[in-house]
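What follows is a short report on a single structure.
The values are calculated or read from the model by the stated rules, or taken from the named source; none is laboratory data. Not measured: the values here are computed from a predicted model. All Cβ positions, glycine included, derive from the backbone under ideal geometry; neighbour counts span all protein chains shown. Only protein heavy atoms, including side chains, enter the accessible area calculation; ligands, DNA and RNA are left aside. Shrake-Rupley method; radii C 1.70, N 1.55, O 1.52, S 1.80 Å.
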Amino acid sequence: MGFFDWKDEYNVKIESIDSQHKKILMMIDRIYRAMVERKTLEIMPDIVNDMIDYSIHHFNTEEEYMDQYNYPDSMKHKNEHIFFKEKAIEFKERLEQEDLHLSPKITHFLKDWLIDHILKLDRGLAAHLISKGVK
């Protein structure tokens with residue numbers, strides 16, 4: 001058991017989106033394991049870069065779906081994506097300034113983001129996409 005476990009209720013029932021969401025869980029677990037082993041300074045640059053890469057790949061996937069299927073709440077959803085990207089860049093800058101207390105902050109941010117984003121925003125997007133035949 002890690003810091004945070006995936007629950008079936010987090011699935012939005014669209015395979016490409018669910019598999020990408022699980023990547024955040026992997027990041028969280030990597031940080032947690034590193035915190036336990038006292039090796040966070042070694043992995044944090046990779047984690048922050050993974051967050052930035054994730055924000056590009058995953059958000060592009062969702063936003064392409066939004067545009068293709070005329071999702072009515074796309075602006076609100078895209079604004080949340082912008083917030084995540086800005087936070088990832090902020091974490092990268094703080095890491096470059098040698099903020100040694102960053103790992104718990106990133107862990108909690110990712111956990112809260114995953115739960116809030118999926119349960120509040122992605123469920124609405126998924127329902128819209130499923131109604132259009134996306135699986």
Exercise. Of K85/K111; K111/K135; K85/K120; K87/K120; K7/K76; K23/K132, which sit over 23 Å apart, Cα to Cα?
Worked result: K111/K135; K7/K76; K23/K132
For this session: Among P104, L119, S131, flag the residue with its Cα farthest along the positive direction of the charge dipole of region 88-132, charges on Cβ as +1 for Lys/Arg and -1 for Asp/Glu.
Result: S131
For this session: With a cut-off of at most 15 other beta carbons within 10 Å, and DSSP calling the residue loop, which GluC sites (Glu not before Pro) in region 1-103 qualify? Please list them.
Result: E37, E98
Problem set entry | Cα pair distances in region 44-120, grouped into 10 Å bins until the bin that holds the longest one, percent each | 18, 48, 25, 8, 1
Exercise. Taking square-rooted eigenvalues a ≥ b ≥ c of the alpha carbon gyration tensor, is region 6-59 rounded, prolate or oblate, where a/c under 1.5 means rounded and, failing that, a/b exceeding b/c means prolate?
Worked result: oblate
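Leaving ligands, DNA and RNA out of it, report the carbon-plus-sulfur percent of the accessible area of region 43-94 at a 1.4 Å probe.
Percent of accessible area from carbon and sulfur atoms in region 43-94: 49.
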For this session: Calculate, for region 7-90, the solvent-accessible area per residue in square angstrom, rolling a 1.4 angstrom probe over the heavy atoms of the protein chains.
Result: 57
For this session: Give me the net charge of D112's neighbourhood, meaning all other residues with Cβ under 13 Å from the Cβ of D112; Lys, Arg count +1, Asp, Glu -1.
Result: +2
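With the cut-off at 28 Å, report for the chain the share of all Cα pairs above it, as a whole percent. Walk me through the intermediate numbers first.
Values: 1721 of 9045 pairs.
Everything past 28 Å amounts to 19 percent.
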Exercise. To the nearest 20 debye, what is the magnitude of the charge dipole of the chain about its Cα centre, counting +1 on the Cβ of each Lys and Arg and -1 on the Cβ of each Asp and Glu?
Worked result: 300
